[in-house]
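Down below is the structure, laid out as structure tokens.
Readers should treat all values here as calculations from the given coordinates under stated rules, not as data from a laboratory. Predicted, not measured: the structure shown is a model, and the values here were computed from it. Cβ: placed from backbone, ideal geometry, glycine included. Neighbour counts: every protein chain shown.
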Amino acid sequence: MDRKRRIKRKRLLSLLIIICFAWIFGNIVIHNVKGISSLWKNFIQSEDLHNAPISSEQENIIQNEAFHNISQSNEWYLIVVNQWNEIPDNYNVTLTELSNGQKVDSRIYPDLQEMFDDMRTEGIYPIVREGYRTTEEQQAILDERIQRYMNEGYSRSMAEMAAKEWVAVPGTSEHQLGIAVDINADKSRSTNDEVYQWLAENAYKYGFILRYPQGKEDITGGAYEAWHYRYVGREAAEEIYNNQMCLEEYMEDN
């Protein structure tokens, strides 16, 4: 009997040992299979991401970022100023005062005057509503717009964001260059629509471009403004007009 019991015990012990080894081995195999599967899954995902097509929105962001930091031209009339490109530190301007008290860079005055004279000959009467601004004037305009939004119930941060869609931060406004003008109508003689339409069709002939055209907001950083014209010289203005470009695109190509 004792001999049979010893044999049974040995068999049971052997069976337990086999079961333990099988359990250990099984866990090792399962762990390795999961690891390999995870590695393969990650590899497939990385390949999918690498080969995934870029959405039109992503493509537009990539393309537009190329225009954000433009190499500045040595020509004063081709300086790019926007939210990504501040006015150069060494920029200086000599001003000419207009009949209504607004001021512009003296270098653009002859072409501006010629353009206005030709408009009046055709029965359209423009005025320069805004010309050159100092840093202090630009800041005051921004502060006023922020306060206006806050009065409407915006928080301070939201008011600042909304205001900056329309008013440039000091140092990034073309009005501080003196070569950009906001042109409206003498309301006693013309309408703004008449002025805007004439400018859209003819301003380039005098060296001025519509600075913030529709459809270019992501590139210029500015909302569409039918009244804001910028002097770039007659040659550049004609090319920009003919190719329906904005200033950033023209400078990128040149």
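Translational diffusion of the range 57-212 was estimated from the Stokes-Einstein equation, with Rh taken as the Kirkwood radius over Cα pairs; at 10 °C and 1.306 mPa s the coefficient is 91 µm²/s.
With θ taken as phi - 60° and the Karplus curve 6.51 cos²θ - 1.76 cosθ + 1.60 applied, the whole-hertz 3J(HN,Hα) list for the range 84-95 is 9, 10, 7, 4, x, 4, 8, 6, 10, 9, 10, 10 Hz, x standing for glycine and proline.
When only alpha carbons are used to place a centre, the range 184-216 and the range 107-179 end up 15 Å from one another. With a sphere of radius 9 Å drawn around the Cβ of Tyr224, what net charge do the other residues whose Cβ falls strictly inside it have (Lys, Arg +1; Asp, Glu -1)? Charge balance in the 9 Å sphere: -1. Each other residue within a Cβ distance under 15 Å of Glu160 adds +1 if Lys or Arg and -1 if Asp or Glu, for a net charge of 0.
On the beta carbon distance between Asn192 and Asn74, with R0 = 41 Å, the FRET formula returns roughly 0.70. Ranked by the mean number of other Cβ atoms within 10 Å per residue, highest first, peptides 107-115, 235-243 order as 107-115, 235-243.
Sorting the segments 153-159, 126-132 by their residues' average number of neighbouring beta-carbon atoms within 10 angstrom, most packed first, yields 126-132, 153-159.
Under 5 Å between amide hydrogens, built in the peptide plane, is the criterion, and for Lys103 it picks out Leu98, Gly131, Tyr132 among residues at least 5 positions away or on other chains.
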